[in-house]
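All of the numbers you see were taken from the coordinates with simple rules; none came from a lab. Being a predicted model, the structure only gives us computed values, none of them experimental. Please note: Cβ atoms are built from the backbone with ideal geometry, for glycine as well, and neighbour counts cover all protein chains shown.
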Amino acid sequence: MKTGLPPIVDKNSRILILGSLPGMVSIERQQYYANPGNQFWKIIFGLYEQPVPNYYEEKVSFLRSKGIAIWDVLHQAEREGSLDAKIKEGALNDFNSFFKQYPYIKSVYFAGQKAYNESYLMQ
């Protein structure tokens, strides 16, 4: 059973980007999108025409400065490896409590098709 990471969020967050469940490298490092092959950070920083920093703390600080929160649809799931296609038997994060705690989040985006598909379970 793989367990996800806590959200990166604060009272200034207005946008939430949801993944499905962190990959093995991210879980090991306790850092979102830690696999060097993942394009997430390049895309986010590219949107603002900024270079991607080397340090995770700087990446997180940048997200916060832009009002962007990140989390995952799933709290836990059975999965071999890191591929979303291998996810089985997932348990959702508690979005009711999350949105009550962070009511200023107005937009939700999905980092991939699996996260989007799993989000239908939230309804």
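Summary table
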read-out	value
Spin-label model distance (nm) - ARG64 vs GLU78, 7 Å beyond Cα toward Cβ	3.8 nm
Relative contact order (%) - criterion: Cα under 8 Å, at least six apart; region: region 38-115	21 percent
Helical mean residue ellipticity (222 nm; -39500 (n - 2.57) per DSSP H run of 4+; nearest 500) of the chain	-8000 deg cm²/dmol
Extended-chain gain in nm, criterion 0.36 nm per residue less alpha-carbon gap, GLN30 and SER107	25.2 nm
Residue of GLY19, GLY37, GLY67 that the Gaussian network model of the chain assigns the largest fluctuation, springs spanning Cα pairs under 10 Å	GLY37
Spatial extent of the chain: Rg and Dmax, with the Cα atoms as the point set, Å	13.9, 39
